[in-house]
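What follows is a set of notes on a single structure, which appears directly below.
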Amino acid sequence: MTPEQLAEYLRVSPEWVYKNIYDLPFVRIGKSYRFPKGDVDEWLRSSQYCGLPPKFFGKQV
């Protein structure tokens, strides 16, 4: 997923994704960031953020 797709998936703003990019599981391809869905799902399951309402993270998309 791209950062914009991840923001939509997590129901947060793209700005939140970029602000917290190094806390998220990503793969860098050239100058682009990609977020494997399986890794993101695992991060959500094990994350301290899990269970909080999406609006906690920032502006909803």
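For a modelled paramagnetic label at Ser47, 7 Å from Cα along Cα-to-Cβ, the residues of the stretch 8-29 in reach, with backbone nitrogen under 15 Å, are 8-27.
Multiplying the sequence separation of Gln5 and Ile21 by 0.36 nm and subtracting their Cα-Cα distance, what value in nm do you get? If you can, show how the numbers build up before the last one.
Numbers: separation 16, 0.36 × 16 = 5.76 nm, distance 1.34 nm.
Additional length available on full extension: 4.4 nm.
Laboratory data are not the source of any read-out in this text; all were calculated from the coordinates shown. Computed from a prediction, not measured in an experiment: that's the story for all the values here. Note that each Cβ is placed from the backbone with ideal geometry, even for glycine, and that neighbours are counted across all protein chains shown.
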